[in-house]
Ligand code: B12
Ligand code: SF4
């Protein structure tokens, strides 16, 4: 870890606002949920948490306040107003995302392009442009982190005007990924939660001990080793009560006014797979827990009756494995039978777990977007990345989907250069991609070129340690150029080659980046026969 890293600044670590309370002796009965600033994505996490608490402790007063709907200049004042009005004794902060490496325009422009221009451009002007834009991104990243920690501090001290014993608890996707590092930037006494928050909040409102939950308290306890690998509490989810949610959330209509939003509905939690770069399977656990389909339908119905037509099934995987195909069929049959028409839905779907009947149901119930997350078109690499995909079945299932009448856009995620990529495996990926184009039509298949972005607690992180790419104790939240370059995960010997190809693609046509990258790769390297892409030699698996 670098000593120059703003996140490693211990002066921010113990800025306790006032005496922290180490044990929870009295239950909290006034909860304000504060969704920290975020692009406007429906805050399904706090909606589910407040619904759960209402069901197990109906006497608790709750309120939702979403900074995702507030203009940045008003963040602090709006938070003050929300606290003065509600006077909570428990502040539940939900932090959705931190990492913004993306192939598309992120909050600070196109971070991938900036980084590649800075790291790989030969033209000094381009390199300078990359550096300047990268600096802007760097500044906005650290400013966001600092601002969120200030919002938490300020919120807590304001709430303590009304309730000196008030506490702050923080959770959400970003916190689950970076729970160890966030302890350095949050006030002493803040409870940091990993994964699902239902059981922790239940304990807090009941005044029970929290040590056994997936959490720790800043300045008082340390995160247990392998905390993130602990299984979540087995909670059976029932339909969210949107009448109640409407009554505790003043801006409830914000996401319904504009009909473009995809509103989150969860149908299951957990993923049994082991893909080497993925942390979902540790955040949500490997045990798949299906929400009863009647309850899911009841939830969708309430949203439908409020005018919602676009739904995102927020599961880590909508069909995590073959044995869950029946559950997906049952749910979609019920959607079809419900008479709700004009629905569009999307989800992360493993394209190897489909049947012709399921494909038909998907089309009939309005699946409007399909993302194939194969990462590589080379079966050998897919196996090495521990993804458990059979690329041949993916092709067959795509043919079934097309025959069932699917005619929407298909996004195919490729992350080059993860493990053991060679020119041969790139040629195989091109062959595979061209076959997908032959099935759906070239204009319908959009290659999304990602670089994987290393995340903590993954097999890929272990691989980086074992191969001396990263050292134990590195800071996964660091945006310092030397660390960010490693976390962006485009290692040599092929790193510079991909850098150069991507730069050329942005130059040629940055509006069609993915397709241009594929074309340049094919021009330079050619294409393997499809059979070669689908056949994986049974070599020893890479030691990840
Ligand atoms: C579905 C999903 C999406 C969908 C969302 C669709 C929608 N309309 O809702 C889409 C595809 C749009 C998406 C996009 C992105 N996503 Co996303 N997404 C997810 C995913 C798979 C599930 C999130 C979800 O809704 N879960 C269901 C709800 C109920 O859970 P939840 O909100 O997490 O809340 C639970 C817990 O977190 C917890 N909790 C939440 N708040 C609090 C607060 C307290 C105090 C407590 C105790 C607990 C708690 O309890 C809740 C209930 O159990 C997660 C990975 C995962 N498996 O969690 C990534 C994840 C949230 N996404 C992530 C990211 C980075 C993004 C992007 C920024 C990617 C990018 N670079 O472009 C974009 C954002 C786009 C934008 N416009 O800004 C990261 C965030 C962490 C990080 N690395 O910074 C995650 C964790 C994936 C990862 N490992 O990297 N995403
Ligand atoms: S199948 Fe998807 S969610 Fe599951 S481990 Fe692999 S990448 Fe992660």
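The values are calculated or read from the model by the stated rules, or taken from the named source; none is laboratory data. Fair warning: this is a prediction, and the values are worked out from it, not measured in the lab. Every residue, glycine among them, receives a Cβ derived from its backbone with ideal geometry; neighbour counts consider all protein chains shown.
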Expected output for the range 314-330 (first residue at pLDDT below 95, partner part of a helix (DSSP H, G or I) and within 12 Å of ligand 2 (Cβ to nearest atom), Cβ below 8 Å, 6+ apart or cross-chain) is 316/280; 316/281; 316/283; 317/280
The condition of being over 30 Å from residue 300 (Cβ atoms) and at pLDDT 95 or above holds, among 85, 122, 55, 127, only for 85
When restricted to 156, 201, the only residue within 22 Å of residue 44 (Cα to Cα) and within 14 Å of ligand 1 (Cβ to nearest atom) is 201
The condition of being surrounded by fewer than 24 Cβ atoms within 10 Å (Cβ to Cβ) and within 17 Å of residue 449 (Cβ to Cβ) holds, among 427, 383, only for 427
- Query: Is it the case that some residue within the range 349-357 is away from ligand 2 (no atom under 16 Å from the Cβ), modelled with pLDDT of 95 or more and surrounded by 20 or more Cβ atoms within 10 Å (Cβ to Cβ)?
  - Reply: no
Counting only residues in the range 280-316 that are within 16 Å of ligand 2 (Cβ to nearest atom) and part of a helix (DSSP H, G or I), the one nearest to the chain's Cα centre (by Cα) is identified as 280
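To keep it simple, each residue is scored yes or no on (1) crowded, with 16+ Cβ neighbours inside 10 Å; (2) not in a loop (DSSP other than H, G, I, E, B).
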{"residue": "456", "(1), (2)": "yes, no"}
{"residue": "463", "(1), (2)": "yes, yes"}
{"residue": "472", "(1), (2)": "no, no"}
{"residue": "490", "(1), (2)": "yes, no"}
{"residue": "497", "(1), (2)": "yes, yes"}
{"residue": "503", "(1), (2)": "yes, yes"}
{"residue": "518", "(1), (2)": "yes, yes"}
Of the residues in the range 230-241 that are surrounded by 19 or more Cβ atoms within 10 Å (Cβ to Cβ) and under 19 Å from residue 295 (Cα atoms), the one that is nearest to ligand 2 (Cβ to nearest atom) is 237
### Task
Looking only at the range 532-542, decide whether some residue is closer than 29 Å to residue 228 by Cα, at pLDDT 90 or above and either touching a helix residue (DSSP H, G or I) at 6+ places or on another chain (Cβ under 6 Å) or in a helix (DSSP H, G or I) (or both).
no
If we ask which residues in the range 155-183 are buried (at least 19 other Cβ atoms within 10 Å of the Cβ) and either in a loop (DSSP other than H, G, I, E, B) or within 16 Å of ligand 2 (Cβ to nearest atom) (or both), their number turns out to be 7
Looking across the range 358-372 at residues that are out of contact with any helix residue (DSSP H, G or I) (no Cβ under 7 Å at 6 or more places or on another chain) and part of a helix (DSSP H, G or I), the single one that is farthest from residue 329 (Cα to Cα) is 363
The residue from 168, 115, 174, 159 that alone is under 30 Å from residue 314 (Cβ atoms), in contact with a helix residue (DSSP H, G or I) (Cβ under 9 Å, 6 or more places away or on another chain) and modelled with pLDDT under 90 is 115
Among the residues that make up the range 249-271, is at least one of them surrounded by 15 or more Cβ atoms within 10 Å (Cβ to Cβ), over 15 Å from residue 315 (Cβ atoms) and within 16 Å of ligand 2 (Cβ to nearest atom)? no
Within the range 253-283, the residues that are out of contact with any strand residue (DSSP E or B) (no Cβ under 9 Å at 6 or more places or on another chain) and within 11 Å of ligand 1 (Cβ to nearest atom) are 271, 278, 279, 280, 281, 282, 283
task: May I ask you to verify whether residue 510 is part of a helix (DSSP H, G or I), loosely packed, with under 15 Cβ neighbours inside 10 Å, touching a helix residue (DSSP H, G or I) at 6+ places or on another chain (Cβ under 9 Å) and on the phi < 0 side of the Ramachandran plot?
output: yes
Given the conditions (1) under 19 Å from residue 447 (Cβ atoms); (2) modelled with pLDDT under 95; (3) away from ligand 2 (no atom under 15 Å from the Cβ); (4) crowded, with 22+ Cβ neighbours inside 10 Å, every one holds for residue 409 apart from (4)
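Does residue 87 satisfy being on the phi > 0 side of the Ramachandran plot and surrounded by fewer than 19 Cβ atoms within 10 Å (Cβ to Cβ)?
Working: on the phi > 0 side of the Ramachandran plot: yes; surrounded by fewer than 19 Cβ atoms within 10 Å (Cβ to Cβ): yes.
Taking the combined requirement at face value, the residue satisfies it.
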